[in-house]
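Beneath this line is the structure, given in structure tokens, with notes to follow.
The values are calculated or read from the model by the stated rules, or taken from the named source; none is laboratory data. None of the values given here were measured: they were computed from a predicted structure. All Cβ positions, even for glycine, are placed from backbone atoms using ideal geometry, and neighbour counts span all protein chains on display. The area values use the complete protein model at the heavy-atom level, side chains included, leaving out ligands, DNA and RNA. Shrake-Rupley method; radii C 1.70, N 1.55, O 1.52, S 1.80 Å.
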Amino acid sequence: MKKILIAPFVLLVKFYQYFISPMFPSSCRYSPTCSQYTLEALKKHGLFKGGWLSIKRIVSCNPWGGSGYDPVP
């Protein structure tokens, strides 16, 4: 059931990774990148918790936020 719920979001992130992201210079301040973090969080924690973790990560990826190695909990 979890895989069915996250499938559309995984496809959106993969579309972003393969078609949109290569058009822009790398700007993510974290490792793994925010899109890779989102994929891992969705697969590990499901749609709601993984989605929440991803939103928090994307919001913090700015010049005033953090940086460095930040794995999915």
Accessible carbon and sulfur surface of the range 30-73 relative to its total accessible area, %, 1.4 Å: 66 percent
Round to the nearest 10 and give me the degree value, 0 to 90, for the angle of helix 2-15's Cα axis relative to the longest principal axis of the chain. 40 degrees
On Cα atoms only, tilt of 34-60 relative to the major axis of the chain in degrees: 20 degrees
Taking the dipole of the chain about the Cα centre (Lys, Arg +1; Asp, Glu -1; charges at Cβ), the one of 30, 71, 61 that reaches farthest to the positive side is 71
